[in-house]
1. Where the second residue is assigned to a helix (DSSP H, G or I) and the first is among the acidic types (Asp, Glu) and lies in segment 59-79, which pairs have Cβ atoms under 6 Å and are six or more apart or on separate chains?
2. Restricting to segment 48-80, and then to whatever is of a type in the set (Ser, Thr, Tyr) and either under 18 Å from the mean Cα position of the chain (by Cα) or surrounded by 14 or more Cβ atoms within 10 Å (Cβ to Cβ) (or both), can you tell me which residue is farthest from Gly30 (Cα to Cα)?
3. Going by the structure shown, is Val95 at pLDDT 85 or above and β-branched (Val, Ile, Thr)?
Amino acid sequence: MICLPRHSVTPAPGRLSRPVTAKPTPKIGGTVQRLRLAAGLTQQHVAELAAIAPETLSRIERNRIAPSLDVVGRLAAALRVKTSDLFAESPKPKVRALRPSDRAWLALVRDLDDAEVDDMVRAVRLMLRVGRRRLGPR
């Protein structure tokens, strides 16, 4: 997240002096880029629709700058999404842990070239089909 610098405000007479900290600005660049690519749009096209410079859109997507709320609204309209969608957290893909048997297979094929791996996959699939035939229906 981008954090704005702290600044203090002179308190009113009789009030306690306490620094006021600006709230961090959420990073929406990755969401804007993901939505733009999913819609099959170029930066140039979205920038035109949102009435901003393509360079500005590039900086927003790389989280180099935080857009104003007005620009966020125009980006949402250009991407045909709700403004709140730009602030939504993107879902994190679930990563499954490797089982020991998965690690054994990976160690076995790690040093093989693509053709050799393809041959192994075909051989294993053939063995699985033959084994199923011998076992018969379950």
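The values are calculated or read from the model by the stated rules, or taken from the named source; none is laboratory data. Quick caveat: nothing in here was measured; it's all calculated off a predicted structure. Cβ coordinates were reconstructed from backbone atoms using ideal geometry, including for glycine residues, and neighbour counts include every protein chain displayed.
1. From segment 59-79, the pairs are Glu61/Gly29; Glu61/Val32; Glu61/Gln33.
2. So the residue we want is Thr56.
3. No.
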